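First the structure, in the form of structure tokens, and then the observations on it.
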Amino acid sequence: MAHLTEAQVAAFEAQGYLVVRGLFDPEEDLDPVIEEYAGVLDRLVCELYENGDIASTYDDLPFGDRLTKVYAESGKVHAQYFDFSLPQKNVQADTPMWVGPAVFRLLRNEKLLDAVESLIGPEIYSNPVQHVRLKPPEHLCPVNDAGRVQLGATPWHQDTGVVRPEADETNMLTVWFGLWDATVENGCLEVIPRSHREGLLHHCHATATMSRGFGLQIPDRLLRQGDGVVLPMKRGDVLFFHRLNCHSSLPNKSDNIRWSFDLRYNPIGQPTGRGSFPGFVARSRSNPESELRDPEEWARLWHEARSRLARSADPTYNRWKVDDPVCA
């Protein structure tokens with residue numbers, strides 16, 4: 001059992017985040033996912049090679065170096081190929097994603113769910129706002145037309161700020177962990193303690209003048225950046241944080257990728273904030289028969305969502321306007 005102690009729960013409630021050291025057994029819990037993703041990379045490399053986008057399959061390179069090499073040579077970060085979610089725009093019937101059984105089993109890991117239960121209760125829904133992040137070293141990452149790296153540091157934001165308003169009262173819990181060590185050099189997370197008590201802050205669409213030009217972000221003037229706490233973590237460590245906690249990631253200044261999962265859970269029956277995507281009952285003490293235990297069914301739900309979204313107009317995923325005067 002990996003239920004949290006009363007002291008850990010109190011620390012989470014006071015600070016808005018909690019790092020649990022060694023919650024996962026790296027070999028037992030994480031290595032199967034790493035092995036599964038090696039096959040995903042194989043398929044991507046073969047596709048790029050057959051299309052003439054890269055000159056070699058680079059089979060002799062370790063995973064991180066190989067990923068970085070094919071990204072750089074193809075001139076594109078192929079993040080969607082690995083993600084177990086869909087993009088927010090222009091979903092096609094063949095949009096790549098990875099919804100494999102090892103990923104599903106990690107979403108349902110009993111030790112993880114024990115800890116989640118300590119924070120949100122025993123009726124646990126796997127919220128579909130979830131991602132894998134394979135961030136290349138910034139000095140080796142392809143750049144966009146504006147000269148910015150295609151996948152860099154994540155800007156300051158709150159997770160409630162990137163979902164629909166119907167989830168404002170949802171007790172959404174974020175779970176973040178590295179498949180490998182997350183260090184200051186390779187871009188670990190940074191959080192602002194007690195920021196979860198300050199309400200939802202305004203989020204702006206990135207512009208070239210912002211400190212980090214990637215995705216929705218909180219303007220610098222609204223943040224207590226000087227109070228930020230950097231959180232290097234070993235693989236096996238897990239970070240839990242409140243939906244209103246302000247957090248970001250540092251740039252990857254190392255020579256290898258930073259590899260992490262960010263997952264979200266909420267009590268069953270509460271809005272996920274992203275209703276176009278499929279979640280599932282991960283644990284129910286009152287009705288265990290309702291739990292989804294079949295990885296093939298989970299994959300089917302995502303494939304079905306992809307087919308549906310490919311036939312319809314793009315849904316709206318957040319509340320913020322591009323031309324909002326607050327962001328000028």
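For the reader, a short list of remarks on this structure follows.
- Within segment 49-56, at least one residue is among the β-branched types (Val, Ile, Thr) and out of contact with any Phe, Trp or Tyr (no Cβ under 8 Å at 6 or more places or on another chain).
Let's see how each residue does on (1) open to solvent by 70 Å² or more (accessible area, probe 1.4 Å); (2) under 23 Å from residue 258 (Cα atoms); (3) within 22 Å of the chain's Cα centre (by Cα):
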| position | (1), (2), (3) |
| --- | --- |
| 52 | no, no, no |
| 58 | no, yes, no |
| 61 | no, yes, no |
| 76 | yes, yes, yes |
| 80 | no, yes, yes |
| 89 | yes, no, yes |
| 94 | yes, no, yes |
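- Within segment 198-239, the set of residues being β-branched (Val, Ile, Thr) and at pLDDT below 85 comprises 207, 209.
- Filtered residues of segment 308-319 (kept if in a loop (DSSP other than H, G, I, E, B) and either closer than 24 Å to residue 95 by Cβ or without any contact (Cβ under 8 Å) to a residue 12 or more places away in the chain (or both)): 311, 312, 313, 314, 315, 316, 317, 318
- Checking segment 115-135 against the condition returns a match, with at least one residue being more than 25 Å from residue 246 (Cβ to Cβ), open to solvent by 40 Å² or more (accessible area, probe 1.4 Å) and not hydrophobic (A, V, I, L, M, F, W, C).
- Criterion: assigned to a loop (DSSP other than H, G, I, E, B) and in contact with a helix residue (DSSP H, G or I) (Cβ under 9 Å, 6 or more places away or on another chain) - qualifying residue of 154, 170: 170
- Residue among 251, 295 that alone is over 24 Å from residue 98 (Cα atoms) and not β-branched (Val, Ile, Thr): 251
- The sole residue among 184, 129, 143 that is modelled with pLDDT of 95 or more, within 30 Å of residue 65 (Cβ to Cβ) and among the hydrophobic types (A, V, I, L, M, F, W, C) is 184.
- Taking the listed residues 66, 21, the one that is among the basic types (Lys, Arg), open to solvent by less than 50 Å² (accessible area, probe 1.4 Å) and at pLDDT 95 or above is 66, with no other qualifying.
- Residues of segment 220-261 classified as open to solvent by less than 10 Å² (accessible area, probe 1.4 Å), assigned to a loop (DSSP other than H, G, I, E, B) and more than 21 Å from residue 80 (Cβ to Cβ), total: 3
- Entry remark, segment 143-180: residues being open to solvent by 10 Å² or more (accessible area, probe 1.4 Å) and more than 16 Å from the chain's Cα centre (by Cα) number 14 in total.
- Count of residues meeting criterion [under 30 Å from residue 285 (Cβ atoms) and of a type in the set (Asp, Glu)] in segment 115-151: 2
The values are calculated or read from the model by the stated rules, or taken from the named source; none is laboratory data. Nothing here was measured: the structure is a model prediction, and the numbers come from that model. Using ideal geometry, Cβ is built from the backbone for each residue, glycine included, and neighbour counts are taken over all protein chains shown. Accessible surface areas use protein heavy atoms only, side chains included; no ligands, DNA or RNA. Shrake-Rupley method; radii C 1.70, N 1.55, O 1.52, S 1.80 Å.
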